[in-house]
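The block underneath contains the structure these notes are about, expressed in structure tokens.
Readers should treat all values here as calculations from the given coordinates under stated rules, not as data from a laboratory. If you're wondering where the values come from, they're calculated on a predicted model, not measured in any experiment. Neighbour counts run over all protein chains shown; Cβ positions are idealised from the backbone, glycine included.
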Amino acid sequence: MRQIFNPLLAAPFFAKNSLVLAKGFGQKVFEKKPMAFSFNVSEHCPNNCKCYWRAQPTVEEWPEEKVIEFFKQKRKDGFVQVTLVGGEPYCRPQLLEKICGIIPFAWLVTSGTVPLRKLKSTLHVISMDGLRETHDKLRGNKGLYDRIEKNIKAAKEKDIGPIYLHTTLNHVNHKEIGEMLELWRESGLVEGIMISTMTPTKDAHDEPLRLSREERIWIVEELHRLKPIYGNFMAMTDNMIDRLHPDHTKDLTPENCKFALDIESYNGAGGRISPCVLSGKADCTQCGCVVTNMATGGGVETTDYFTRLASIK
């Protein structure tokens, strides 16, 4: 059940962060400067999937003190939102404890392999790429689905804050999206499911997962069919769904992509990943990234999540 925002609980948060919020939103509006970034907390991962991260060069992670310094500087520069990615961010749980809360709002994208922690002002997004057998096969990690379910249940009992799932639809799993929405809505364990389509990436060895044009069109039609049934639990607007269509993505380039223009991306050693977190090896003309669609398609239909994050101590 969705929690009700309590302004009294969030008031200390907004008082603490008023200056950086004003600076960040002011720079965004008047100077067109980015106010969000992603950071690879860890350059390690316990899974064996074929994803964009594995196609990128390996770097040596910064020590904790350099990461903390980097985040503090980003705060001074007016950045108000960070997406914590990897690799698997929970490979460095002590670092997560130290950096969450420096930037006012955080999304943490995790494979859910280990118990989740209550982190300041942080929304958890757990990757879930299909039903039980499909997910474990795609992630190359037997029993992972059951561990995720166990960890979500434990996190709900501890009230760690909002938890969403994120699924990337590909050639293997795309027909399972209706069952996934039904199963997880009935479970009551998560706030909703964010949906991407697979973006082909050079050197990711992802050829068996790539979608055909016909499959991508089917996905758009199916998501439009499912949207009235699942409402906000499907964390996509109609405009976001439309932007997955191949006739839309064929014109995408780093020069016209709001994700690439508005969100800076960094690896675990503070190096810029260009043009976006997917790197230059991704095929922009088949981009299905949910963040790209949030930036251009009207955002996720979860209007209270930022203010709810403010209540997490």
Just to be sure I understand: with springs between alpha-carbon atoms less than 10 Å apart, which residue in Gln27, Gln56, Gln286 has the highest mean-square fluctuation in the Gaussian network model of the chain?
Gln27
Using modelled amide H (1.01 Å from N, peptide plane; none on Pro or chain starts), what sits under 5 Å from the amide H of Ile103, excluding residues fewer than 5 places away?
none
Listed candidates [x] 27, 23, 21; [y] 43, 23, 19; [z] 44, 20, 18 - label of the one calculated as semi-axes √(5λ) of the Cα gyration tensor in Å
[x]
Under 10 Å, Cα contacts only: if you run a Gaussian network model on the chain, which one of Glu31, Glu149, Glu133 comes out with the highest mean-square fluctuation?
Glu31
GNM result for the chain, Cα springs below 10 Å: residue of Ala269, Ala260, Ala15 fluctuating most strongly
Ala15
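Within region 129-162, report the trypsin sites (Lys or Arg not before Pro) that DSSP leaves as loop and that have at most 13 other Cβ atoms within 10 Å.
Numbers: sites: Arg132, Lys137, Arg139, Lys142, Arg147, Lys150, Lys153, Lys156, Lys158; in loops: Lys142.
Within region 129-162, the qualifying trypsin sites (Lys or Arg not before Pro) (loop, at most 13 other Cβ atoms within 10 Å) are Lys142.
Please report the relative contact order for region 7-309, taking Cα pairs under 8 Å with a sequence separation of at least 6, and give it as a percent rounded to a whole number. Don't jump to the answer; show the numbers that get you there.
Working: 542 pairs, mean separation 61.4, N = 303.
Reported relative contact order: 20 percent.
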Check Ser265: other-chain or 5+ apart residues with amide H under 5 Å from its amide H, H built from backbone geometry?
Ser38, Ile273
